[in-house]
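Read the structure below first, then the notes.
The values are calculated or read from the model by the stated rules, or taken from the named source; none is laboratory data. None of these values were measured; they are calculated from a predicted model. Note that each Cβ is placed from the backbone with ideal geometry, even for glycine, and that neighbours are counted across all protein chains shown.
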Amino acid sequence: MATPAEDFAPADNFAGARKCMVDSQIRPNRVTDPRILSAMRRLPRERFLPFSVAALAYADEDVPLGDGRFLMEPMVFARLLQAATLRDNERVLVVGAGTGYGAAVLAACGCRVTALEEAAALLAIAGAALPVEAPGVTLVVGPLAKGWPALAPYDLILIEGAVPSIPPALAAQTQQETGRILSAIYAEGRITQAVIAEATAAGLGISPLFDCATPPIPSLRRAPTFVF
């Protein structure tokens, strides 16, 4: 079982790197929401990583978590949240929540967050970190492609990784007319794009946000195609 980095190193060892991440990676990339900046400046990202990769906690790259899973690059993650125009008390589902960092940031921004994960090793880290850093987050276990219908509909769904298409179950769990889905979409021979998909009466309308290199979530590689 992976061991959280916090069990080996005091949080203040990373404080300077955390501030530098926000000031050099996040703020220069058009992230202006003070809630996002404050949350990412405060939350110890290293606590949400195995000790073996803790040194990469504040690098401007996707951090490998094992078995093809990654903690999303800070800048890409922050820009996705900025595009969501977060509202207080929104009901949010994080799909592929991994070790729980993204869910913790959203909770710190005033959202009611459910974090869905299926990988046991990642759940172990999330289960240790979230009660300390974001006790309001509800951590649930299940197949990512099926979402978490028990608490639907959601105002916002964040898929923490790239997918070939939005799984139909997630589209169905989005609040009609006002719901949004954030993710990265990839296709063979094309550049991966961060996108926001907004619920309309005619279905999801997808708008590209920016190019990125977000790795795919392995279990969603062959997600059923949703026709827009």
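If you go through region 156-165 and pick out every residue that is more than 15 Å from the chain's Cα centre (by Cα) and not hydroxyl-bearing (Ser, Thr, Tyr), you end up with 1. Here Phe51 passes the criteria (1) within 17 Å of Val31 (Cβ to Cβ); (2) aromatic (Phe, Trp, Tyr); (3) touching a Phe, Trp or Tyr at 6+ places or on another chain (Cβ under 8 Å) except the one numbered (1). For region 135-146, a residue qualifies if it is touching a residue at least 12 places away in the same chain (Cβ under 8 Å) and either buried (at least 23 other Cβ atoms within 10 Å of the Cβ) or under 22 Å from Leu81 (Cβ atoms) (or both), and the qualifying residues are Gly136, Val137, Thr138, Leu139, Val140, Leu144. Residues in region 166-182 that are on the phi < 0 side of the Ramachandran plot and not β-branched (Val, Ile, Thr): Pro167, Pro168, Ala169, Leu170, Ala171, Ala172, Gln173, Gln175, Gln176, Gly179, Arg180, Leu182.
Every residue, every condition in (1) of a type in the set (Asp, Glu); (2) outside any loop (DSSP other than H, G, I, E, B); (3) free of Cβ contacts under 8 Å to residues at least 12 places away in the same chain, yes or no:
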{"residue": "Ala169", "(1), (2), (3)": "no, yes, no"}
{"residue": "Glu177", "(1), (2), (3)": "yes, no, no"}
{"residue": "Ile181", "(1), (2), (3)": "no, yes, no"}
{"residue": "Ala187", "(1), (2), (3)": "no, no, no"}
{"residue": "Arg190", "(1), (2), (3)": "no, no, yes"}
{"residue": "Ala194", "(1), (2), (3)": "no, yes, no"}
{"residue": "Leu204", "(1), (2), (3)": "no, yes, no"}
{"residue": "Leu209", "(1), (2), (3)": "no, yes, no"}
{"residue": "Ala213", "(1), (2), (3)": "no, no, no"}
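Here region 149-179 is the region considered, the condition is being farther than 25 Å from Ala39 by Cα and among the hydrophobic types (A, V, I, L, M, F, W, C), and the residue that is surrounded by the most Cβ atoms within 10 Å (Cβ to Cβ) is Leu170.
Regarding Ala150, is this residue more than 15 Å from the chain's Cα centre (by Cα) and outside any loop (DSSP other than H, G, I, E, B)? Criteria met by Ala150.
Looking only at residues of region 201-228 that are loosely packed, with under 15 Cβ neighbours inside 10 Å, modelled with pLDDT of 80 or more and not small (Gly, Ala, Ser), we find that the one that is farthest from Thr174 (Cα to Cα) is Asp211.
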